[in-house]
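**Q** My structure is below; once you've seen it, I'll send some questions.
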Amino acid sequence: MSADRNTRNVASAFRQVTGTGLPVVQGEGSSLKHTESLSGTSKFALALDASHKISVAPELLYIRFENEAENVRRGYRGDAQTSRQNSRSPLLSVGLPLEWNWTMGEDSQLSLKWKTGVTHADNDADRWEAATAGLPHQRSLARKIRGLNHFLDADFNTSFAGGHDFSTGVRLARNRLQNDYADFLDGVSDPSQSLLGVSNLARTVRYQWFAQDDWRINKSWALGAGLNGERRLLEIDEGPVRSRPSFNVWSPTMHIAHKIGGNSKRQLRLSLARTFQPPSADQMLLRPVINSLAPCYARHCAINTFDTADSAGNPRLQPERALGLNLSYSHKLAKASEFVVEVCLRARSATRPGQRSPWQACLGLTRPVT
């Protein structure tokens, strides 16, 4: 069990100018941030016999954020915008993991893990806005987040003759995330957020499996190869809009390592891998987030600038895939320190239609590791 509480004062100032040095906008802000947290976990284990063990490890997490902020923004034409906001964000998460381990011999083991978790979070904010031109306004924003998650993992590990360490497994997950909104402007419901309703629901089902073989050829050479696959199905309901995105991903990996002269302190490694990063459910929600520095009143919104952009999710987002090639040399200097030189090349795929796929390279990267 652990608990923590802290308070921070933050002050900031900014100034934007054109390419010729002419002022565009400037301002300053301050905030007082309070954070409270409480976490706890315990574990109960039971050995049924020499080969079978079960355990349960309930966990609890509570975090509360409070923020009091004031901001002033001034344009070069003499217009000004001020705001004051008080926000509160408590979060409660409870999880119950269950695990069963079966030792099937000297070199083989099977593990099953089941976890159910519940998350409750509230994001509430009261905001007062005033501008040089126009009347002052009061805005109240409330968001309730309710999450329910189920996970089932199965892992099998074994060793074969000839220096092979083999592992395989499956991952099953089912997630449910519901958001309820209550947005008010000057005491009445805010019409700028009414198009997609006052709630949304996202359900996700994930199937994943993997297989990996690490082969110690001899004292100087090692080879590894693996394959990971994932299928994800989503159902997103936002008022009258229903989205059913899905995707399948395959990620092969391969690496080869060489201990120079059989010396474990000097190692050369070459890796080729295809990795992916799927979008979260929040990133696929259409409901817009309106920048507080370009607010909307009665469906009329202030003009967005490059630093006051609104944002919204995209249900057509695809996982970010990357193909990477790494060549590294490591030299151990001391017991807990080594020197690494790395050359890498990355190719990323597009995550939305029309997006370009950039290449990235890092050449001659060196770093000490301690």
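Results for (1) part of a strand (DSSP E or B); (2) in contact (Cβ under 8 Å) with a residue 40 or more places away in the chain; (3) under 30 Å from ARG287 (Cβ atoms), shown as yes or no for each residue.
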| site | (1), (2), (3) |
| --- | --- |
| LEU96 | yes, yes, no |
| TRP100 | yes, yes, no |
| ASP107 | no, yes, no |
| SER111 | yes, yes, no |
| LYS115 | yes, no, yes |
| GLU129 | yes, yes, yes |
| ASN157 | yes, yes, no |
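**Q** Given the structure, is GLN178 part of a strand (DSSP E or B), surrounded by 15 or more Cβ atoms within 10 Å (Cβ to Cβ), at pLDDT 95 or above and in contact with a Leu (Cβ under 6 Å, 6 or more places away or on another chain)? Spell out how you get there, then give the answer.
**A** Details: part of a strand (DSSP E or B): yes; surrounded by 15 or more Cβ atoms within 10 Å (Cβ to Cβ): yes; at pLDDT 95 or above: yes; in contact with a Leu (Cβ under 6 Å, 6 or more places away or on another chain): yes.
So GLN178 fits the description; yes.
**Q** Aliphatic (A, V, I, L, M) and closer than 30 Å to VAL72 by Cβ: which single residue out of ALA131, ALA161, ALA173 fits that description?
**A** Values: ALA161 fails: closer than 30 Å to VAL72 by Cβ; ALA173 fails: closer than 30 Å to VAL72 by Cβ.
Exactly one residue qualifies, and that residue is ALA131.
**Q** Here's another thing I want to ask about it. Test each condition in (1) modelled with pLDDT under 85; (2) more than 24 Å from LEU141 (Cβ to Cβ) for ALA302 and report the one that comes out false.
**A** Just one mismatch for ALA302, condition (2).
**Q** Considering only residues of region 138-165 that are of a type in the set (Phe, Trp, Tyr) and modelled with pLDDT of 95 or more, which is farthest from TRP100 (Cα to Cα)? Walk me through how you get there before you give the answer.
**A** Here is the first cut: in region 138-165, the ones of a type in the set (Phe, Trp, Tyr) are 151, 156, 160.
If we keep only those that are modelled with pLDDT of 95 or more as well, we get 151, 156.
Details: PHE151: 14, PHE156: 12 Å.
So the residue we want is PHE151.
**Q** Filter region 3-36 for residues that are in contact (Cβ under 8 Å) with a residue 24 or more places away in the chain, among the basic types (Lys, Arg) and surrounded by 11 or more Cβ atoms within 10 Å (Cβ to Cβ) and give the result.
**A** LYS33, the sole residue that qualifies.
**Q** Can you pull out the residues in region 151-187 that are under 30 Å from GLN212 (Cα atoms) and within 18 Å of the chain's Cα centre (by Cα)?
**A** Scanning region 151-187 gives PHE151, ALA173, ARG174, ASN175.
**Q** Do you know which residues across region 135-155 are of a type in the set (Gly, Ala, Ser) and farther than 21 Å from MET284 by Cα?
**A** Step one: filter region 135-155 for residues of a type in the set (Gly, Ala, Ser), giving 140, 142, 147, 154.
Hits for region 135-155 are SER140, ALA154.
Every residue, every condition in (1) at pLDDT 95 or above; (2) touching a Gly at 6+ places or on another chain (Cβ under 9 Å), yes or no:
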position: ASN101; (1), (2): yes, no
position: MET104; (1), (2): no, no
position: SER111; (1), (2): yes, yes
position: TRP114; (1), (2): yes, no
position: THR132; (1), (2): no, yes
position: PRO136; (1), (2): no, no
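**Q** Shifting gears a bit: Restricting attention to region 188-196, does a residue exist that is among the charged types (D, E, K, R) and either at pLDDT 95 or above or within 25 Å of THR158 (Cβ to Cβ) (or both)?
**A** Initially, region 188-196 is screened for residues among the charged types (D, E, K, R), giving 190.
Okay, now just the ones that are also either at pLDDT 95 or above or within 25 Å of THR158 (Cβ to Cβ) (or both), so none.
Checked region 188-196: no residue is among the charged types (D, E, K, R) and either at pLDDT 95 or above or within 25 Å of THR158 (Cβ to Cβ) (or both).
**Q** Which of the residues spanning region 268-289 are under 30 Å from HIS331 (Cα atoms), at pLDDT 90 or above and either among the polar types (S, T, N, Q) or part of a loop (DSSP other than H, G, I, E, B) (or both)?
**A** Answer for region 268-289, where residues must be under 30 Å from HIS331 (Cα atoms), at pLDDT 90 or above and either among the polar types (S, T, N, Q) or part of a loop (DSSP other than H, G, I, E, B) (or both): just SER271.
**Q** Return the residues of region 238-261 that are surrounded by 13 or more Cβ atoms within 10 Å (Cβ to Cβ) and either farther than 19 Å from GLY324 by Cα or without any contact (Cβ under 8 Å) to a residue 24 or more places away in the chain (or both); say none if nothing qualifies.
**A** Scanning region 238-261 gives GLU238, GLY239, VAL241, SER243, PRO245, PHE247, HIS258, LYS259, ILE260.
**Q** Out of all the residues in region 246-297, which are under 26 Å from the mean Cα position of the chain (by Cα) and among the basic types (Lys, Arg)?
**A** ARG274, ARG287
**Q** For the subset of region 192-216 comprising residues that are surrounded by 15 or more Cβ atoms within 10 Å (Cβ to Cβ) and polar (S, T, N, Q), which member is farthest from LYS259 (Cα to Cα)?
**A** That would be SER192.
**Q** Among the residues in region 347-360, are any at pLDDT 60 or above, touching a strand residue (DSSP E or B) at 6+ places or on another chain (Cβ under 9 Å), in a strand (DSSP E or B) and surrounded by 13 or more Cβ atoms within 10 Å (Cβ to Cβ)?
**A** Yes; the residues of region 347-360 include at least one that is at pLDDT 60 or above, touching a strand residue (DSSP E or B) at 6+ places or on another chain (Cβ under 9 Å), in a strand (DSSP E or B) and surrounded by 13 or more Cβ atoms within 10 Å (Cβ to Cβ).
The values are calculated or read from the model by the stated rules, or taken from the named source; none is laboratory data. Computed from a predicted model, the values in this text were never measured in an experiment. Note: ideal-geometry Cβ built from the backbone for every residue, glycine included; neighbour counts use all protein chains shown.
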